[in-house]
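Asks: I'd like to ask some things about the structure below.
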Amino acid sequence: MSVSASVVVGSHVWVEDPEVAWLDGVVVEINGEEITVDCNSEKTVTANLSNVYARDTDAPSCGVDDMTKLSYLHEPGVLQNLRSRYDMNEIYTYTGSILIAVNPFKRLPHLYAKSVMEQYKGVSLGELPPHPFAVADSAYRQMIHEGISQSILVSGESGAGKTESTKMLMQYLAYMGGRAAAEGRSVEQQVLESNPVLEAFGNAKTVRNNNSSRFGKFVELQFDK
């Protein structure tokens with residue numbers, strides 16, 4: 001979704017930069033397929049018209065919680081939105097029914113308390129702020145109402161937080177379907193306590209992750225009717 005021939009001097013755009021990925025600025029000159037952008041970083045960049053992307057000047061500075069609300073769903077627009085939310089410790093963002101998680105590299109325990117799980121029970125996806133609990137609840141409700149198995153795919157590069165996100169999904173699903181065991185431990189606790197066993201066999205330290213999963217995981221939770 002690059003800027004078309006309709007771009008004019010004064011248009012707000014994103015232009016690629018080798019140091020910070022993308023710079024925002026204003027078009028100051030157009031010469032055929034070559035465009036000059038006066039960036040807000042006080043840097044002037046000349047680029048090919050096909051490598052310049054329109055900037056949504058109406059987007060709120062704090063970002064949006066669902067990126068389908070953006071006027072331009074291209075790489076610089078997506079990255080800017082995620083960064084704006086990340087700066088406010090809003091690490092989860094929707095793109096429709098897809099949940100994007102950005103690893104905060106710090107603990108945010110207030111996001112995963114039992115009281116938070118209660119808030120997401122039975123609430124339609126999108127009514128509350130983006131969260132793994134919302135995705136898990138949606139899958140759980142569809143399983144109950146439709147009577148068929150549901151799948152949640154968690155993907156990302158090494159260190160992105162796939163393992164922790166999976167734990168949050170399992171925590172919520174076990175909480176919704178679990179009962180207290182005879183020895184006082186809940187199903188939720190027992191499910192989560194199984195993770196260290198798998199990690200002991202298949203995790204290792206890498207340059208980017210001290211506890212990196214070195215294997216693919218297929219986790220199946222079965223519920224009684």
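The values are calculated or read from the model by the stated rules, or taken from the named source; none is laboratory data. In this text the structure is predicted, and so the values were computed from the model without any measurement. Positions of Cβ are backbone-derived with ideal geometry, glycine not excepted, and every protein chain shown enters the neighbour counts.
Asks: Which residue, of S158, S138, S165, is closer than 27 Å to E90 by Cβ, surrounded by fewer than 18 Cβ atoms within 10 Å (Cβ to Cβ) and either under 23 Å from the mean Cα position of the chain (by Cα) or hydrophobic (A, V, I, L, M, F, W, C) (or both)?
Replies: Exactly one residue qualifies, and that residue is S158.
Asks: Of these, I148, I144, which one is outside any loop (DSSP other than H, G, I, E, B) and surrounded by fewer than 15 Cβ atoms within 10 Å (Cβ to Cβ)?
Replies: I144
Asks: Also, quick follow-up: Could you look through the range 55-102, keep only residues that are assigned to a helix (DSSP H, G or I) and in contact (Cβ under 8 Å) with a residue 40 or more places away in the chain, and pick out the one that is nearest to M168 (Cα to Cα)? Quick ask: steps written out before the conclusion?
Replies: Within the range 55-102, the first condition is being assigned to a helix (DSSP H, G or I), and the residues that meet it are 67-69, 75-86.
Right, trim to in contact (Cβ under 8 Å) with a residue 40 or more places away in the chain and you get 75-77, 79-80.
Values: E75: 28, P76: 29, G77: 28, L79: 24, Q80: 26 Å.
Filtering the range 55-102 for residues that are assigned to a helix (DSSP H, G or I) and in contact (Cβ under 8 Å) with a residue 40 or more places away in the chain, the one nearest to M168 (Cα to Cα) comes out as L79.
Asks: Here is a follow-up. Looking only at residues in the range 53-65 that are small (G, A, S) and surrounded by 12 or more Cβ atoms within 10 Å (Cβ to Cβ), which one is farthest from the chain's Cα centre (by Cα)? I'd like the intermediate steps shown before the answer.
Replies: Looking only at the range 53-65, we keep the residues that are small (G, A, S), and these are 54, 59, 61, 63.
Then keep just the ones that are surrounded by 12 or more Cβ atoms within 10 Å (Cβ to Cβ); that gives 54, 59, 63.
Details: A54: 23, A59: 18, G63: 13 Å.
Among them, the one singled out is A54.
Asks: So L49 ticks every box in (1) modelled with pLDDT of 90 or more; (2) out of contact with any Lys or Arg (no Cβ under 8 Å at 6 or more places or on another chain) but one. Which box is left unticked?
Replies: Exception for L49: condition (1).
Asks: Output the number of the condition that Y92 fails; it satisfies all remaining conditions of (1) at pLDDT 95 or above; (2) surrounded by fewer than 16 Cβ atoms within 10 Å (Cβ to Cβ).
Replies: (2) is the only condition that Y92 fails.
Asks: If the requirement is being touching a Cys at 6+ places or on another chain (Cβ under 7 Å) and more than 30 Å from L173 (Cα to Cα), which of these qualifies: V52, V45, V26, V20?
Replies: Details: V52 fails: touching a Cys at 6+ places or on another chain (Cβ under 7 Å); V26 fails: touching a Cys at 6+ places or on another chain (Cβ under 7 Å); V20 fails: touching a Cys at 6+ places or on another chain (Cβ under 7 Å).
Sole residue among the options that is touching a Cys at 6+ places or on another chain (Cβ under 7 Å) and more than 30 Å from L173 (Cα to Cα): V45.
Asks: If S50 satisfies all but one of (1) crowded, with 17+ Cβ neighbours inside 10 Å; (2) in a helix (DSSP H, G or I), what's the number of the condition it fails?
Replies: Of (1) crowded, with 17+ Cβ neighbours inside 10 Å; (2) in a helix (DSSP H, G or I), only one is false for S50: (1).
Asks: Quick check on this structure: which one of R55, R85 is at pLDDT 95 or above and among the basic types (K, R)? Reasoning before the result, please.
Replies: On the way: R55 fails: at pLDDT 95 or above.
Step by step, each of R55, R85 is checked, and only R85 is at pLDDT 95 or above and among the basic types (K, R).
Asks: Go through the range 200-225 and count every residue that is touching a strand residue (DSSP E or B) at 6+ places or on another chain (Cβ under 7 Å) and either farther than 23 Å from P104 by Cα or surrounded by 15 or more Cβ atoms within 10 Å (Cβ to Cβ) (or both).
Replies: So the answer is 4.
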